[in-house]
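Everything below concerns the one structure shown next.
The values are calculated or read from the model by the stated rules, or taken from the named source; none is laboratory data. These numbers were taken from a predicted model, which means no experiment stands behind them. Cβ coordinates were reconstructed from backbone atoms using ideal geometry, including for glycine residues, and neighbour counts include every protein chain displayed.
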Amino acid sequence: MREVAVVSSAIYQVEALTFTTDVQLMVPLINEARSAVGLTQADIGFTCSGSSDFLAGQGFSFVQTLDAVGAFPPISESHVEMDGAFALYEAWVKLQVGEVDTALVYSYGKSSPGSRRDVLAVQLDPYTVAPLWPDAHAVAALQARLLLESGAVSAEGLAEIAVRSQHHAVGNPNALRASAGATVAGVLSEPVVADPLRASDIAAESDGGCVVVLAAGDRARSLCERPAWIRGIDHRIDAHGLGVRDLTRSPSAALAAQMAGAGQDRLDLAELHGPTTSQEHILATELGLGADTVVNPSGGALAADTLMAAGLVRIAEAARRISSGGADRALAHATSGPCLQQNLVCVMEGE
Amino acid sequence: MTDTPVPHEVPADQVAEGPPIQLPPSISDVEPVLSVRTPIRLEYDFIPSAAAQQYLRAYASKRILGNRSPVDGAVFVPPRGVDPRNGVVADEMVDLVDTGHVGSFCITHLPIPGRKDLPVPYVSAWIHLDGADIGFLGLVAGCAAADVRIGMRVRAVWKPDAELGATAENVLHWEPTGQPDVPIDEAGNRAWALKQSAAGGGEDA
């Protein structure tokens with residue numbers, strides 16, 4: 001396997017980008033990530049992005065966003081209608097092929113112009129589920145209810161996850177929900193949004209974007225003092241239909257972690273893309289995280305969940321902690337689809 | 001290579017349609033479902049970018065704005081706040097005139113359903129405004145469709161002042177000025193290429 005590392009990243013998340021287009025959001029972010037390692041677009045071998053036309057409300061919206069890259073002279077480029085973490089996977093494969101040494105990965109989501117809960121309903125089974133128009137919070141609540149009833153976790157246990165996220169998010173400029181004073185009792189006193197989920201159980205919705213620069217081998221070493229080397233990356237998928245799955249489990253997350261080699265050594269930290277506390281609990285269990293692994297030191301997706309970018313943000317957050325010397329081995333996770341249907345696990349190490 | 005034929009190489013008479021679907025007896029006489037209505041409706045509050053808002057507001061008073069690239073001075077219309085070739089912010093606004101030439105055009109003979117105001121044939125064209133480095137789309141009228149040509153000089157025919165607004169519809173169409181044509185070698189995007197080569201061979205990779 002060719003050595004590939006995250007050498008640079010840029011993150012920007014706010015509550016709503018009202019007067020800023022996707023292009024205007026991404027111009028400074030892309031330039032920030034490239035110039036941090038002294039690269040221009042001419043130095044980038046492959047560019048891959050992730051976004052959703054359902055958020056933009058127009059077809060082929062990602063083609064416009066290429067304006068932010070500077071795609072002239074013409075570039076080698078691809079796009080996924082998924083979180084940027086899956087775009088990063090495609091770029092990683094491209095780097096494995098060996099024809100390029102650098103890749104630019106970015107993704108962005110601006111859900112504030114529409115209703116995210118409703119947009120997410122269109123990803124459900126179009127014949128039997130989507131016609132019922134269940135909103136995303138309700139679908140996640142079905143899963144949370146099953147989890148609580150199974151005895152796998154208590155309401156207090158879920159509140160503890162929310163509290164930990166809010167504590168960790170303090171000081172993260174890209175977190176929307178952060179509080180040093182958050183308590184379990186405080187979370188449990190919140191009114192339910194979609195019973196049994198309360199506001200703090202559900203990720204804080206944000207608009208924003210994320211950019212990651214990948215480089216291979218010695219090119220990575222020349223660009224970055226301490227690259228975050230991708231030692232394993234895997235992407236697995238469970239059945240789409242909610243009724244055919246045990247929603248208290250996520251076999252695809254467990255398998256992706258196994259294939260990425262997550263359990264082969266100690267993990268200093270894990271950045272999990274769990275859009276609800278119940279999903280974060282399922283992930284922590286399926287990924288086999290031990291007590292010595294710090295979960296979501298950035299606050300995780302609960303602190304700020306930019307649709308289409310939250311998974312890539314997890315990779316960037318984990319990579320930054322390796323590059324800064326704060327961690328030696330980290331796991332980053334991204335999900336897509338309803339109730340943790342698709343899962344990507346990326347294991348990174350410092351040298 | 002394998003011997004397995006790829007789908008488009010299979011002759012049509014050899015494509016199996018599969019066995020007929022056998023429904024369980026309990027529903028064998030039920031009327032088949034032929035369609036499903038999914039009542040999901042997605043609504044968006046779309047707010048134009050600052051550049052688009054400036055452009056539309058100026059357009060309502062018969063001004064056409066463009067953005068000038070900070071890299072090489074190229075002028076883009078309508079303004080989008082960026083130079084897409086270089087991926088940089090381009091927020092300098094430039095006032096453009098409402099005259100230009102036809103860079104390329106298309107004559108359409110099929111009517112658009114519901115557009116009784118647009119009799120066929122109609123001519124859509126890339127209008128290259130004087131001072132702009134790219135064209136933008138408009139209708140050409142005021143002459144026979146067969147007389148429209150690349151390089152033909154045109155000017156805007158605006159809606160009556162009372163009907164102007166912050167929309168893209170303020171120019172009804174572009175009409176010939178009768179001035180001498182722009183030579184075809186200098187018309188449309190060719191003007192851009194000439195300018196680039198005059199400036200020293202264009203962009204470096």
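Listed values, structure above:
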quantity: Unique residue being surrounded by 12 or more Cβ atoms within 10 Å (Cβ to Cβ) and either more than 14 Å from chain A (Cβ to nearest Cβ) or not polar (S, T, N, Q) (or both) when the list is B:34, B:56, B:110; calculated: B:56
quantity: Condition check for residue A:163: among the aliphatic types (A, V, I, L, M) and either under 16 Å from residue A:206 (Cβ atoms) or surrounded by fewer than 19 Cβ atoms within 10 Å (Cβ to Cβ) (or both); calculated: no
quantity: Exclusive hit being in a strand (DSSP E or B) and either assigned by TED's automatic domain parsing to the domain that holds residue A:102 or over 22 Å from residue A:288 (Cα atoms) (or both), set A:186, A:208; calculated: A:208
quantity: Residue selected from the range A:175-220 under the condition of a type in the set (Ser, Thr, Tyr) and farther than 25 Å from residue A:111 by Cα, by the criterion surrounded by the most Cβ atoms within 10 Å (Cβ to Cβ); calculated: A:183
quantity: Filter result for the condition that a residue is modelled with pLDDT of 95 or more and within 24 Å of residue B:58 (Cβ to Cβ), over B:147, B:161; calculated: B:161
quantity: Residue count, the range A:52-63 (criterion: facing another protein chain (nearest Cβ under 10 Å) and crowded, with 16+ Cβ neighbours inside 10 Å); calculated: 4
quantity: The range B:62-88, subset away from chain A (no Cβ under 14 Å) and small (Gly, Ala, Ser), residue surrounded by the most Cβ atoms within 10 Å (Cβ to Cβ); calculated: B:66
quantity: Filtered residues of the range B:158-194 (kept if β-branched (Val, Ile, Thr), outside any loop (DSSP other than H, G, I, E, B) and loosely packed, with under 13 Cβ neighbours inside 10 Å); calculated: B:184
quantity: Among (1) out of contact with any Phe, Trp or Tyr (no Cβ under 8 Å at 6 or more places or on another chain); (2) more than 14 Å from chain B (Cβ to nearest Cβ), the one test that residue A:102 misses; calculated: (1)
quantity: Residue A:76 being touching a Ser or Thr at 6+ places or on another chain (Cβ under 8 Å) and either under 19 Å from residue A:30 (Cβ atoms) or surrounded by fewer than 16 Cβ atoms within 10 Å (Cβ to Cβ) (or both); calculated: yes
quantity: Filter pass, residue A:298 being of a type in the set (Ser, Thr, Tyr) and either surrounded by fewer than 24 Cβ atoms within 10 Å (Cβ to Cβ) or under 16 Å from residue A:332 (Cβ atoms) (or both); calculated: yes
quantity: Residues being over 21 Å from the mean Cα position of the chain (by Cα), within 19 Å of residue A:190 (Cα to Cα) and part of a helix (DSSP H, G or I) - total across the range A:143-159; calculated: 6
quantity: Options B:91, B:95, B:117; residue that is within 14 Å of chain A (Cβ to nearest Cβ) and either exposed (fewer than 13 other Cβ atoms within 10 Å of the Cβ) or closer than 24 Å to residue B:54 by Cβ (or both); calculated: B:91
quantity: Any hit, the range B:101-109, residues being in contact with an Asp or Glu (Cβ under 6 Å, 6 or more places away or on another chain) and either touching a residue at least 40 places away in the same chain (Cβ under 8 Å) or of a type in the set (Val, Ile, Thr) (or both); calculated: no
quantity: Meets criteria (of a type in the set (Gly, Ala, Ser), at pLDDT 95 or above and under 22 Å from the mean Cα position of the chain (by Cα)) for residue A:162; calculated: yes
quantity: Selection count, the range B:137-168, where residues are touching a helix residue (DSSP H, G or I) at 6+ places or on another chain (Cβ under 9 Å) and of a type outside the set (Val, Ile, Thr); calculated: 6
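Conditions (1) part of a loop (DSSP other than H, G, I, E, B); (2) free of Cβ contacts under 8 Å to residues at least 40 places away in the same chain, marked per residue:
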site	(1), (2)
A:270	no, no
A:274	yes, no
A:279	no, no
A:283	no, no
A:288	yes, yes
A:291	yes, yes
A:298	yes, no
A:302	no, no
A:308	yes, no
